[in-house]
Every structure is written in C-alpha cells, then in structure tokens.
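All remarks here apply to the structure that follows.
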Amino acid sequence: AVTPRSGVTGGRTPVFITGFGFVNSTSLACRFGKEVVQSLYITPFAVLCIAPEQPTSSGTVFLEVSNNGRDWTSQRTLFHFAPCPAGYYCPDGEPMPCPRGAFCTGGSGAATNFTLCPAGTFQPRTTQMSCLPSPIGFISPDIGTSTPSPCPRGAVCDVTGLAAAGKVCPPGHFCLSGTRTANFTDFGTPERPLPCPFGMYCGPGVTTNRTIANNFTTPQTCFAGFMCEPGSVSPQGSGPCPSGHYCPPGQLIPCPSRTYCPGVANTEPKPCVPGLYQQEYGQSTCKKCPLGTICPGFARELPELCPPGFVCDE
C-alpha cells in the first residue's frame with residue numbers, strides 16, 4: 001500500500017510504502033516514473049521514500065520499489081503529481097494553508113513558502129491567493145498585515161491601498177482616527193474633518209478638539225480682540241471683535257450694562273464716564289443723561305433725578 005497516493009510537482013512529499021520483504025541496504029530505492037530516489041528502511045514491512053521533483057507538469061507515474069536498485073516490484077502502483085494548490089504552500093511536499101497576512105499562488109515554482117502581503121495591503125483570511133488593498137479610512141503600514149489600522153488622527157485616508165496617511169487634515173478642522181474624506185462639507189460621511197471649535201483656530205494636521213498651548217497639532221486660542229468662528233484657520237479668525245462686544249482670547253462677550261465697547265477689536269469693556277449711562281447689553285456707546293437728571297460717577301446704569309435745590313438743564 002502507498003500513503004499518500006499523490007504529491008506536489010515540486011517534490012519532497014514523504015511517501016510510506018508497506019508490503020513485505022524489504023531489506024535494509026544502501027541499494028533500497030524507489031522509482032517514480034523514471035526518477036530513482038533512495039529509500040529509508042523502517043521495517044521489513046515498511047519503507048519511506050521522498051518523492052522527487054517532477055520535471056514536467058502534473059501527471060501520473062508508476063511507483064516501484066527495489067531492494068538492489070536493479071530488480072523492481074512487479075506490482076506497480078500509480079502515483080499522481082499535481083502542483084501545490086492555490087491558497088496553500090508546500091514546504092515539505094505537504095500542502096499547508098496560507099496564513100493570514102500572506103498569499104499563496106500555488107504552482108510548482110515558488111510554492112515552498114508563502115508571501116507576506118506588501119505594505120498597503122492586508123489579508124484577514126487563510127488559504128488566499130492574493131491580498132486586499134487597505135480600504136478608504138485605513139492604512140496597512142507593515143508587510144504581513146492581517147488587519148488594517150484606522151487612519152491616524154490629524155490625517156485623511158481617502159483612497160485605497162495606503163501604507164501611510166495620504167493627506168494632512170485641512171486647516172480650520174481637526175481629524176479623528178479613521179477620517180476618510182478631506183471634504184469637510186460631505187455631511188453624509190461621519191468620518192470627515194470637523195470644524196475647529198469656536199474661539200480657536202486650527203492649522204493643518206490637527207488631531208483633536210482639545211487645546212494644548214503651543215502644541216500646534218491641537219487647536220490654539222485666537223488673539224485677544226479677534227473673533228474666531230468655528231473653522232477658523234488663523235489667530236485673527238474671521239476678523240476684529242464686532243462693535244458692542246469685547247473679545248478676550250478665544251471669547252466673544254456682549255458689553256454689559258454700565259459699559260460700552262466702541263469701534264471694533266475691543267479686548268475689554270469701557271465704563272460709562274460721568275454724565276453718561278447705559279442700562280442695555282451689547283452697546284457701542286453710552287447714553288447722555290436727560291434734562292432733569294444727573295449721572296455722577298463712572299459706570300452708571302441709570303440716571304438719578306436732579307436733587308432738590310438744583311437746576312439740571314444741561
């Protein structure tokens with residue numbers, strides 16, 4: 001009996017032959033078609049032969065055994081040679097499943113080992129003939145990758161087959177892990193660049209919406225006296241703080257009552273001077289006290305009636 005009855009064309013398949021009368025000698029041999037190989041004696045009833053490389057493609061040959069290298073068994077057994085199957089590699093003549101992160105084309109040439117997936121590709125399954133390109137929003141930075149990694153923070157991965165991030169996050173925005181488009185107006189894609197928070201500005205490649213001073217991979221606070229709307233790209237934001245408001249760094253605050261904010265680019269409110277008052281918020285001027293009233297002191301909210309014994313006509 002012969003086990004197995006087939007092997008790969010690249011050779012090295014161990015074949016066990018059982019019978020009787022085998023002799024432990026240096027002339028003990030097997031013949032696969034025309035190819036003769038030395039046999040390994042195990043017992044008088046069993047020998048081991050290593051199938052040779054088949055010079056032609058797949059096919060069937062006679063398998064014979066000889067104790068002296070000249071006289072061969074009359075009962076010849078058929079032995080079939082076939083290429084290493086696709087999705088497998090055959091290091092010792094035995095098909096082995098191609099592992100994850102690799103591909104195996106089979107055949108008789110380079111079928112003795114698997115090939116690792118190149119960078120930019122991956123393969124999560126065994127017994128595969130090819131690797132897959134890393135999908136949009138992912139990268140495969142290493143050879144032999146079985147699972148792609150999400151696109152790193154601060155970057156955009158908007159094409160397939162990337163080994164590294166293809167683009168930096170656009171200015172005025174921050175990009176979380178897995179960002180798959182540079183189009184921040186693509187509201188149908190959740191994994192898009194997100195606008196820099198109010199009061200902040202973002203250069204290219206920002207990774208988060210939380211600020212760390214002087215770390216430009218995070219949002220930075222706008223200049224005092226300027227207003228930064230969401231999506232600002234510079235410390236001047238969308239321009240000077242509007243009239244009636246003041247802008248500490250990163251803030252937009254209406255001027256409170258008793259004060260006024262003239263012109264633009266105010267960094268703090270100014271108190272109403274004596275003779276003026278202001279009871280409203282967000283004003284650029286103070287009001288003059290009407291006839292019959294007085295407004296003594298700074299930062300008055302409302303005027304007072306003219307005191308008895310005095311005339312208030314100015």
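Looking at region 160-188, which of the residues that are outside any loop (DSSP other than H, G, I, E, B) and at pLDDT 95 or above is nearest to G231 (Cα to Cα)?
Let us first name the residues in region 160-188 that are outside any loop (DSSP other than H, G, I, E, B), namely 167-168, 173-174.
Checking the rest, the ones that are also at pLDDT 95 or above come to 168, 173-174.
Values: V168: 16, H173: 6, F174: 9 Å.
By that ranking, first place goes to H173.
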Conditions (1) at pLDDT 85 or above; (2) open to solvent by 60 Å² or more (accessible area, probe 1.4 Å); (3) under 29 Å from S39 (Cβ atoms): number failed by T77: (2)
Taking region 258-280 and the residues there that are farther than 12 Å from F298 by Cα, touching a Phe, Trp or Tyr at 6+ places or on another chain (Cβ under 8 Å) and without any contact (Cβ under 8 Å) to a residue 40 or more places away in the chain, the one that is most open to solvent (accessible area, probe 1.4 Å) would be E268
Out of region 298-314, which residues are surrounded by 12 or more Cβ atoms within 10 Å (Cβ to Cβ) and not in a strand (DSSP E or B)? F298, A299, E301, L302, P303, C306, C312
Looking across region 110-130 at residues that are among the aliphatic types (A, V, I, L, M) and in contact (Cβ under 8 Å) with a residue 12 or more places away in the chain, the single one that is least open to solvent (accessible area, probe 1.4 Å) is A111
In region 132-153, which residues are open to solvent by less than 30 Å² (accessible area, probe 1.4 Å) and within 25 Å of Y89 (Cα to Cα)? S134, S140, G144, T145, P148
Taking region 219-257 and keeping only residues that are farther than 23 Å from V206 by Cβ, of a type in the set (S, T, N, Q) and open to solvent by 50 Å² or more (accessible area, probe 1.4 Å), one is left with S243
Give the residues of region 154-170 that are in contact with a strand residue (DSSP E or B) (Cβ under 7 Å, 6 or more places away or on another chain), open to solvent by 50 Å² or more (accessible area, probe 1.4 Å) and either of a type in the set (S, T, N, Q) or closer than 16 Å to F122 by Cα (or both), sorted by residue number. T160, A164
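Looking only at region 218-232, decide whether some residue is more than 25 Å from L252 (Cβ to Cβ) and of a type in the set (S, T, Y).
To start, the set of residues in region 218-232 that are more than 25 Å from L252 (Cβ to Cβ) comprises none.
No, region 218-232 contains no residue that is more than 25 Å from L252 (Cβ to Cβ) and of a type in the set (S, T, Y).
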Looking only at region 33-47, decide whether some residue is more than 30 Å from S140 (Cβ to Cβ), touching a strand residue (DSSP E or B) at 6+ places or on another chain (Cβ under 8 Å), of a type outside the set (K, R) and in contact (Cβ under 8 Å) with a residue 40 or more places away in the chain. no
Subset of region 1-36 [loosely packed, with under 15 Cβ neighbours inside 10 Å and closer than 16 Å to G93 by Cβ]: T3, P4, R5, F16, E35
Complete set of residues in region 171-188 that are within 17 Å of I136 (Cβ to Cβ) and either within 12 Å of the chain's Cα centre (by Cα) or buried (at least 16 other Cβ atoms within 10 Å of the Cβ) (or both): C175, L176, S177, G178, T179, R180, T181, A182, F184
May I ask you to list the residues in region 41-52 that are under 16 Å from P4 (Cα atoms) and open to solvent by 60 Å² or more (accessible area, probe 1.4 Å)? I50
Count - residues of region 89-101 that are surrounded by fewer than 21 Cβ atoms within 10 Å (Cβ to Cβ) and either at pLDDT 95 or above or over 17 Å from G10 (Cα atoms) (or both): 2
Residue tally, condition within 12 Å of V2 (Cα to Cα), in a strand (DSSP E or B) and not β-branched (V, I, T), over region 53-82: 6
Just name the residue that is modelled with the lowest pLDDT out of those in region 231-249 that are within 39 Å of the chain's Cα centre (by Cα) and among the hydroxyl-bearing types (S, T, Y). S238
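The values are calculated or read from the model by the stated rules, or taken from the named source; none is laboratory data. Nothing here was measured: the structure is a model prediction, and the numbers come from that model. Neighbour counts run over all protein chains shown; Cβ positions are idealised from the backbone, glycine included. Remember, those area values only see protein heavy atoms, side chains included, never the ligands or the DNA or RNA. Shrake-Rupley method; radii C 1.70, N 1.55, O 1.52, S 1.80 Å.
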